[in-house]
Amino acid sequence: MTGLLGGAFDPPHAGHVALLRDARSHFDLERVVVLVVADPGHKDVVTDASVRLALARAAFPGEKVELDPQPRTIDMLREGRFDEPLFLVGADQFADFLSWKDPDGVLELTQLGVATRPGYPREGLERVLSDLARPDRVRFFEIEPVEVSSREIRDRVARGKPVDGLVPSAVAAEIERLGLYRGRRRRR
């Protein structure tokens, strides 16, 4: 089984690292691929794909980190590059899973490993499960909460606030070195 962690990673943060670490342990994943979506179809990004790729490589040393040219998960999965994929997401992402392009098609091509945290409301997750053709392809696992978001990191940097502990130290160093998120502007 190959664990896949995809996202914009603008920038990658401690929550991403914790999700991957705990998924690797819980599912006994020998192979993991971090996929940096070049042009996410679901959100705006601030930095170019090449910069986000470098940040992800800094956040996940020793892991395979690739640029994903597909804007949607289903399109990446249809390429068939990965054997027995387990696509890793957080509970917040799974709560919006029905808005993804072809969610039932996604579950035909991969299982979902959904990271939940203690106290996360199960009602919303159960509602999503009840609307899926293959709820058996969704596997939940619990992680310790890491309250951080990429948007929060960008906002803190823009205000000159420290991000210590919110991002891996190598990511903080790259943000500083490249002067990222200081004069924030969105790009699509």
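Read-outs: derived from the displayed coordinates by stated rules, not from any lab. As the structure is a computational prediction, the values presented were derived from the model and not from experiment. Cβ placement follows ideal geometry from the backbone for every residue including glycine, while neighbour counts extend to all protein chains displayed.
Details
- Order of 76, 1 under a 10 Å beta carbon neighbour criterion, fewest first: 1, 76
- Restricting the calculation to alpha carbons of region 106-148 gives Rg and Dmax of 11.5, 32 angstrom.
- Efficiency of FRET between residue 182 and residue 48 - r from beta-carbon atoms, R0 22 angstrom, step 0.05: 0.90
- Loop-located GluC sites (Glu not before Pro) in region 1-107, at most 13 other Cβ atoms within 10 Å (DSSP): 30, 79
- Within-11-Å neighbourhood charge of residue 81 [Cβ basis; K, R +1; D, E -1]: -3
- Loop-located trypsin sites (Lys or Arg not before Pro) in region 95-162 (DSSP state other than H, G, I, E, B) with a sparse environment of at most 10 neighbouring Cβ atoms within 10 Å: 159.
- Across region 2-178, the mean sequence separation of Cα contacts (distance under 8 Å, 6 or more residues apart), normalised by length, yields a relative contact order of 27 percent.
- The chain: calculated mean residue ellipticity at 222 nm from DSSP helix runs of at least 4, using -39500 (n - 2.57): -10500 deg cm²/dmol
- Cut-off 18 Å, label 7 Å out along Cα→Cβ of residue 142, residues of region 110-128 by amide N: 113-126
- In order along region 144-154, the Karplus-derived 3J(HN,Hα) couplings, from 6.51 cos²θ - 1.76 cosθ + 1.60 at θ = phi - 60°, round to 6, x, 10, 7, 7, 9, 4, 4, 4, 4, 4 Hz, and Gly and Pro are given as x.
- Column: log10 I(q)/I(0), Debye, Cα scatterers of region 2-178, q = 0.14 Å⁻¹: -0.74
- Rounded to whole Å, sorted largest first: equivalent-ellipsoid semi-axes of region 1-103, Cα gyration tensor: 18, 17, 14
- Additional length obtainable on full extension of the chain from residue 26 to residue 123, 0.36 nm per residue less Cα span: 32.6 nm
- For the chain, DSSP calls about 5 percent of its internal beta bridges antiparallel.
- Within region 25-68, the trypsin sites (Lys or Arg not before Pro) that combine a DSSP coil assignment with at most 15 other C-beta atoms in a 10 angstrom radius are 43.
- Between residue 66 and residue 84, full extension at 0.36 nm per residue minus the direct alpha carbon distance yields a gain of 4.7 nm.
- Full extension of the chain between residue 169 and residue 101 yields a length gain of 21.0 nm, computed as 0.36 nm times the residue separation minus the alpha carbon distance.
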